[in-house]
Amino acid sequence: DSGSEGDEPDEFYFPEYEPDPAPTEKITIQPKRIASNHESTSGSFRITLDEEGKLWGWGANKYGQVGNGEQTTSSYDATAYTPQEAKTEARFVSVSAGAEHALAIDEEGNLWGWGKFEDPEEGNKNLQGINTPTQLMIGRKYVYAEAGTSCSFAIDTDGKLWAWGSNSGQLGDGTTSSVSE
């Protein structure tokens with residue numbers, strides 16, 4: 001309603017789009033590697049790996065993909081502005097950001113995942129809101145991991161490629177069937 005002639009138009013208020021104030025504390029990180037995602041409908045997020053092997057995330061955190069132990073309903077909260085340390089004692093050597101999840105490999109070759117993704121050991125059980133790094137496929141060691149849009153890939157120390165998640169041809173197995181591992 002714009003009101004009657006001569007009146008000022010009504011104001012519209014959308015609280016879900018109003019950003020929280022940016023934190024005043026400045027956090028400095030010495031990044032070793034950074035993983036960035038721009039593909040998600042739930043917003044983009046970043047994960048960086050510092051020289052000590054710690055993971056730091058910021059941006060959209062709807063599914064816990066920042067890894068700080070929290071989830072938000074909006075990408076406009078303080079998480080979007082400030083790097084948050086991932087809630088884990090593990091130290092990492094690589095990290096990859098997918099559409100709504102991240103994968104990382106720790107110093108011992110263990111594979112970790114968090115956010116919204118398919119669990120490779122649970123027969124494509126879709127996990128939503130894993131908000132801290134969680135070890136995956138225990139018992140194997142890995143040298144490479146890549147988080148995709150709705151699928152994930154990892155190469156183990158024997159050179160075997162593991163691919164799992166939703167599949168519209170991207171898993172490379174000649175089918176469009178989802179694969180658990």
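The values are calculated or read from the model by the stated rules, or taken from the named source; none is laboratory data. Because the structure is a prediction, the values reported are computed rather than measured. All Cβ positions, even for glycine, are placed from backbone atoms using ideal geometry, and neighbour counts span all protein chains on display. Note: areas computed on protein heavy atoms with side chains; ligands, DNA, RNA excluded. Shrake-Rupley method; radii C 1.70, N 1.55, O 1.52, S 1.80 Å.
Note on E51 and K160: with the Förster distance fixed at 45 Å, the Cβ-Cβ geometry gives a FRET efficiency of about 0.90. In this structure K160 has an accessible area near 110 Å², from a 1.4 Å probe over the protein heavy atoms.
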